[in-house]
2 protein chains.
Amino acid sequence: MTGPELWHELGQQLRVDAVRASAEAGSGHPTSSMSAADLAAVLLAEHFRYDIQNPKSPANDRLIFSKGHASPLVYGLFRAAGAISEEEFMTYRELGSRLQGHPTPVLPWVDVATGSLGQGLPIGVGLALAGKKLDRLPFRVWVICGDSEMAEGSMWEAIEHAAFYELDNLTAIIDVNRLGQRGETMHGWDLGYYSGRLRSCGWNAIEIDGHDVEQIDAAYREAESTTGRPTAIVAKTLKGKGYSKVEDQEGWHGKAVAEEGVEELGGIRNIRVDVKQPEAGERHRFEPAPTEWPRYELGSVVATRKAYGEALAALGGERGDVVALDGEVSNSTYAEIFRDAHPERYFEMYIAEQQMVAAAVGMQVLGWKPFASTFAAFMTRAYDFVRMAAVSRATIKLCGSHAGVSIGEDGPSQMGLEDLASFRAVNGSTVLYPCDGNQTAKLVRAMADLEGISFMRTTRGATSVIYDADEAFPIGGAKIVRDGEDVTLIGAGITLHEALKAADALGEDGVSARVIDLYSVKPIDVETLREAADATQRRIVVAEDHWAEGGIGEAVLSALAGEELSFVHLAVRELPGSGKPEELLAAAGIDADHIAQAARQLVQAEAVAR
Amino acid sequence: MTGPELWHELGQQLRVDAVRASAEAGSGHPTSSMSAADLAAVLLAEHFRYDIQNPKSPANDRLIFSKGHASPLVYGLFRAAGAISEEEFMTYRELGSRLQGHPTPVLPWVDVATGSLGQGLPIGVGLALAGKKLDRLPFRVWVICGDSEMAEGSMWEAIEHAAFYELDNLTAIIDVNRLGQRGETMHGWDLGYYSGRLRSCGWNAIEIDGHDVEQIDAAYREAESTTGRPTAIVAKTLKGKGYSKVEDQEGWHGKAVAEEGVEELGGIRNIRVDVKQPEAGERHRFEPAPTEWPRYELGSVVATRKAYGEALAALGGERGDVVALDGEVSNSTYAEIFRDAHPERYFEMYIAEQQMVAAAVGMQVLGWKPFASTFAAFMTRAYDFVRMAAVSRATIKLCGSHAGVSIGEDGPSQMGLEDLASFRAVNGSTVLYPCDGNQTAKLVRAMADLEGISFMRTTRGATSVIYDADEAFPIGGAKIVRDGEDVTLIGAGITLHEALKAADALGEDGVSARVIDLYSVKPIDVETLREAADATQRRIVVAEDHWAEGGIGEAVLSALAGEELSFVHLAVRELPGSGKPEELLAAAGIDADHIAQAARQLVQAEAVAR
């Protein structure tokens, strides 16, 4: 069997398998799989180039199911390609199975987790950008999208960027099955709406009947031969296609359908597809060209955001696998220093933070080490992408500048005040918050080798260099910057400097303060904190330029859970306005005066207040 | 002076004022204000209808600066309209001034804070939807947008929804000044790109010279007379227009320019505009039609998500000001129960969570009480909008369903596991997590009267009703569900039921466990927690279906900061997969067995382990 007959039969097999797997599991999305089955069948049998035995091969095409709920279709493809056995196929959605409810990279043929709609295409843009500009290999990126998810703005960020960067190696296959979860989409089967919007963005758009395998094949050929712009295939399909009880019916989203569908679909098939091998090819490598690593003189001043940019540029000289992305604020985050040093490895993502993080996720699939930066406040825009990156077990490095009230006049909309809380609550994350230039540089270097999501918070204003350029800052460590016996002051970033000033003032009063620099907020240095509590009569003051919830204060309490302490937590508790940085630190009660005052009260208290 | 001469002179005044204010402050965005000055001048002088003395008048037009960094222009308009004095005008960006770096509702003429780009237009969609469907008044919504922010996907969510809902009362004014923060935008002065995209979405789009006041006036007239679809005015402008040193130059974004610009612009003017009064009009009110409040039998089972929907529908019967929005999952969140009861007050936002939250923010400006729902996991998509809503001092109610691993088979992409952390770290927020139907219903009712951002977390599976329908659940309270003396077990939502089962098992072993239902995660009931620690030998076990960071465990530690405790924190620490709910609770170590085991170890320990 070959050609259209094969494609059709394979499509039917994929439908049957979607029905079988979800019937066995008692849940899942067979109907959403059935609409896209022919689109997937023709792709697998005829166009997709992939070495199943070597999923990490740089030459492989990439396939992303942006509509991740169609996981029975994903797994059906893997079965048809011989990657997974019938036995494993039928473990769909069981505890411990690699075949989870939505695809994740627990399976080696899945590059990224999907299931939060609107993410697959932006990640595909990252893969396609890498293919063009970094790897420089002719692989293609295929993304199967749902029509419902076209309402997500992130899809249109991707569409705009793909056209701007002329990603003709990217094909979006839009499965217009008309029906969302709870009813019809905004545009139903109005294919012209989708193709019109896509064309207005500069895409090639092809409208087809998504169940006509010859039309599908022709559209894929056109996509493969179109240069200078990406192609979208806008395919009219039927949800639940092939099983009359559910076909094009509302009320069947995300529900297992009865095994009786298998019969109507012509029964179980066991077609095995030999997926075409990719063209062999070596990925491009950027040669290291080490430059001097930034070193800052003790006592000089430099903003940690500036040190981030300088260190990142130096890192890029040392390592050819480091790339940088920024959200149109590279002159604020100082990613521009990297851009100027390594323009071929810098990606301007404009004001599209979701696309920026998604592109980083795509690039890391191929082994690149992406560093993406914007204001810490605007990282909130991409929080769902960060969350999903953790499910993808992606390794990306994020930098949020302009943390806290210390930015000053720009006001609360620009102040990152929830970044520590939100990034701490990302599975497997590392959260770093340097206070000086040399520490920043060392931590940037360390980030390059970290697994998972790492986040660095930088400060807008210049701060004093307090560490020697050769000092080491292990991830998970903390520094005792000043020794003392009466009270421990804990800060990080801007508040570390306030804590040091407070310690000076306390010293004049005869109070001996230990100062701890908690530059590694997660993982946290439990031992250093315990020793400090023991050494300073269990008196601790934490000051942080962040809301009171989920940041440094709670990280410390969690590390010392259950220990008896005289504990004061200074944090931002009221909505700030504009003002000078020092005015705003004072107004928030997190400056040196407030820290010293809190410490004095702890020391003066006769008994531990409850 | 009238007509074009007035408009031109007013434009110059607004430029001069932008230069003056930011020169005085030493920071700010004069050049971004100067590009939009003529667009703003013609609007204020000729088209905008607004009672400056009564900014909350329901008849007023609404003006949103989506490009919030152009705040000197916003404040210049207020000065020209006589709302603020010259003296106050010159306090721009000072500590305590109402004229912050980016506009916030500290000023009564500012409806919502802007400054995170891409939010003003989606909020405008909310205002325009309310104008059409709720207030039913002829006011117009004008949104001044930057060209850079058109890269944000959220703008295109807004554009799609505005066309779908035929919001001809909405006008987007796009200030295409070509230059972003660090250089040119993707499309420069390609007005056709923007208007083509807008038209493909169903908008009326008009391309004009944004410094030709007569063209501007004509475009506004066309917008006012266009029916059935929104209008966008795509205006070619010059950043820094009117001052040759900075006009159309790179490197001047967000920088004060010298006072010498004032001279070139023709000096200080003091034009005072009498803004046209709006047509008088009474807003539509929905008559209350109370229905029976949901009551669940003790011992019956109901999912809290279902109780949310039923209570919301009942609340909508009691109060005509309650409205609901959902992100295309209303049959999962059960917002559909409200939709069916009150279709006129229900808004389908499709899979566009940013637009959903933004619409809620817009509606609350006009006094409506919006409840917006989606999966808790997907609330992360709108986190920047929630953050900014807090800066806006907006009152919105959000519900995230499908919390935690207890959802089961769908897998980690669908599990809200960071929602408590992220919502706790929102300024002034309330975070609620009910465990049974009656509690849910009471808390939904309480949410209606809460100020600020409130978030309710609901559970997918059905849980036993443990509270009487008449039980009270004050915000900031906690319930002692079971008394005991040996150990305190703290849970909420799904883990409260696990804690109860654990208490039963412990009782069989002769261990007397107190069980606390921490339904109000923020604010938290410090007193009840302290009493519990005192009454149960300071032994506490917290179990939560959430990551370990920033959730219930840390909230408890924060409430009991510094108290000596024997504390065990059971939370989700490894990435879950698919499985049955009870399997996943066990795998995460947060089920009854793990809680009982942790409690036994605490009780058996001779000394408090450090």
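The values are calculated or read from the model by the stated rules, or taken from the named source; none is laboratory data. Quick caveat, the model's predicted, so the values are computed rather than measured. Ideal geometry is used to build each Cβ from the backbone, glycine not excepted, and the neighbour counts take in all protein chains shown.
Kindly indicate which of A:ALA503, A:ALA535 is of a type in the set (A, V, I, L, M, F, W, C), more than 13 Å from chain B (Cβ to nearest Cβ), more than 30 Å from B:VAL487 (Cβ to Cβ) and surrounded by fewer than 21 Cβ atoms within 10 Å (Cβ to Cβ).
Details: A:ALA503 fails: surrounded by fewer than 21 Cβ atoms within 10 Å (Cβ to Cβ).
The conditions single out A:ALA535.
Could you identify the single residue in A:ARG283, A:ARG197, A:ARG229, A:ARG272 that is in a helix (DSSP H, G or I) and farther than 19 Å from A:ALA36 by Cβ?
Numbers: A:ARG283 fails: in a helix (DSSP H, G or I); A:ARG229 fails: in a helix (DSSP H, G or I); A:ARG272 fails: in a helix (DSSP H, G or I).
Every option except A:ARG197 fails the conditions.
Output the residues belonging to segment A:562-579 that are farther than 18 Å from B:LEU560 by Cα and at the interface with another protein chain (Cβ under 7 Å from one of its Cβ atoms).
Hits for segment A:562-579 are A:LEU575, A:GLY577, A:SER578, A:GLY579.
Restricting to segment A:559-597, name every residue that is assigned to a helix (DSSP H, G or I) and either more than 33 Å from the chain's Cα centre (by Cα) or not hydrophobic (A, V, I, L, M, F, W, C) (or both). I'd like the intermediate steps shown before the answer.
As a first pass, look at segment A:559-597 and keep what is assigned to a helix (DSSP H, G or I): A:559, A:581-587, A:592-597.
Once the filter is applied, which keeps residues that are assigned to a helix (DSSP H, G or I) and either more than 33 Å from the chain's Cα centre (by Cα) or not hydrophobic (A, V, I, L, M, F, W, C) (or both), segment A:559-597 yields A:PRO581, A:GLU582, A:GLU583, A:ALA586, A:ALA587, A:ALA592, A:ASP593, A:HIS594, A:ILE595, A:ALA596, A:GLN597.
May I ask you to verify whether A:VAL16 is closer than 22 Å to A:SER392 by Cα and of a type in the set (A, V, I, L, M)? Give the derivation first.
Working: closer than 22 Å to A:SER392 by Cα: no; of a type in the set (A, V, I, L, M): yes.
No: the conditions fail for A:VAL16.
Could you tell me which residue of segment A:322-356 is surrounded by the fewest Cβ atoms within 10 Å (Cβ to Cβ), considering only residues that are without any contact (Cβ under 8 Å) to a residue 60 or more places away in the chain and of a type in the set (Val, Ile, Thr)?
Ranking the qualifying residues of segment A:322-356, first place goes to A:ILE337.
Residue by residue, here is whether (1) in contact with a Leu (Cβ under 6 Å, 6 or more places away or on another chain); (2) more than 22 Å from A:ALA314 (Cα to Cα); (3) at pLDDT below 95; (4) polar (S, T, N, Q) holds:
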{"residue": "A:SER401", "(1), (2), (3), (4)": "no, no, no, yes"}
{"residue": "A:GLY428", "(1), (2), (3), (4)": "no, yes, no, no"}
{"residue": "A:MET456", "(1), (2), (3), (4)": "yes, no, no, no"}
{"residue": "A:ARG460", "(1), (2), (3), (4)": "no, no, no, no"}
{"residue": "A:ALA472", "(1), (2), (3), (4)": "no, no, no, no"}
{"residue": "A:ALA478", "(1), (2), (3), (4)": "yes, yes, no, no"}
{"residue": "A:GLY484", "(1), (2), (3), (4)": "no, yes, no, no"}
{"residue": "A:LYS501", "(1), (2), (3), (4)": "no, yes, no, no"}
{"residue": "A:ALA505", "(1), (2), (3), (4)": "no, yes, no, no"}
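Can you pull out every residue in segment A:86-137 that is within 14 Å of chain B (Cβ to nearest Cβ), acidic (Asp, Glu) and not in a loop (DSSP other than H, G, I, E, B)?
If the condition is that a residue be within 14 Å of chain B (Cβ to nearest Cβ), acidic (Asp, Glu) and not in a loop (DSSP other than H, G, I, E, B), then A:GLU88 is the only one that fits.
List every residue pair whose Cβ atoms lie under 7 Å apart, where the two residues are 6 or more positions apart in sequence or sit on different chains, the first residue falls within segment A:257-275 and is over 14 Å from A:ARG15 (Cβ atoms), and the second residue, located anywhere, is part of a helix (DSSP H, G or I).
Partner pairs satisfying both residue conditions: A:ARG272/A:ALA80; A:VAL273/A:LEU10; A:VAL273/A:LEU44; A:VAL273/A:ALA45; A:VAL273/A:ALA80; A:VAL275/A:LEU44.
Please count how many residues of segment B:287-340 are in a helix (DSSP H, G or I), among the hydroxyl-bearing types (Ser, Thr, Tyr) and away from chain A (no Cβ under 14 Å). Lay out the reasoning, then the answer.
Restricting attention to segment B:287-340, the residues satisfying the condition of being in a helix (DSSP H, G or I) are B:304-318, B:330-333, B:335-340.
Among the residues that remain, those that are also among the hydroxyl-bearing types (Ser, Thr, Tyr) are: B:304, B:308, B:330, B:332-333.
Filter once more, keeping what is away from chain A (no Cβ under 14 Å): B:304, B:308.
Residues meeting the conditions: 2.
Within segment B:163-214, which residues are away from every other protein chain (no Cβ under 13 Å), touching a residue at least 40 places away in the same chain (Cβ under 8 Å) and polar (S, T, N, Q)?
Result: B:ASN169, B:THR171, B:ASN177.
Could you pull out the residue among A:GLU222, A:GLU149, A:GLU157 that is part of a helix (DSSP H, G or I), without any contact (Cβ under 8 Å) to a residue 24 or more places away in the chain and either touching a strand residue (DSSP E or B) at 6+ places or on another chain (Cβ under 7 Å) or crowded, with 21+ Cβ neighbours inside 10 Å (or both)? Step through it out loud before you land on a result.
On the way: A:GLU149 fails: without any contact (Cβ under 8 Å) to a residue 24 or more places away in the chain; A:GLU157 fails: without any contact (Cβ under 8 Å) to a residue 24 or more places away in the chain.
Every option except A:GLU222 fails the conditions.
Could you pull out every one of the helices (runs of 4 or more DSSP H) wholly within segment B:2-85 that has 2 or more residues that are among the β-branched types (Val, Ile, Thr)?
Numbers: elements: B:3-25, B:30-35, B:37-42, B:71-80.
Helices (runs of 4 or more DSSP H) meeting the threshold: B:3-25.
Of the numbered conditions (1) in contact with a strand residue (DSSP E or B) (Cβ under 7 Å, 6 or more places away or on another chain); (2) more than 7 Å from every other protein chain (Cβ to nearest Cβ); (3) polar (S, T, N, Q), B:GLN597 fails exactly one; give the number of that condition.
For B:GLN597, the exception is condition (1).
Checking the conditions here, which among A:SER66, A:SER97, A:SER57 is under 24 Å from the mean Cα position of the chain (by Cα) and surrounded by fewer than 24 Cβ atoms within 10 Å (Cβ to Cβ)?
On the way: A:SER66 fails: surrounded by fewer than 24 Cβ atoms within 10 Å (Cβ to Cβ); A:SER97 fails: under 24 Å from the mean Cα position of the chain (by Cα).
One residue alone meets the criteria, A:SER57.
Regarding B:ASP175, is this residue in a loop (DSSP other than H, G, I, E, B) and touching a strand residue (DSSP E or B) at 6+ places or on another chain (Cβ under 8 Å)?
On the way: in a loop (DSSP other than H, G, I, E, B): no; touching a strand residue (DSSP E or B) at 6+ places or on another chain (Cβ under 8 Å): yes.
The answer is no for B:ASP175.
Please go through (1) in contact with a Lys or Arg (Cβ under 6 Å, 6 or more places away or on another chain); (2) surrounded by fewer than 24 Cβ atoms within 10 Å (Cβ to Cβ) for A:ARG140 and return the number of the only condition it doesn't satisfy.
Result: A:ARG140 fails condition (1) only.
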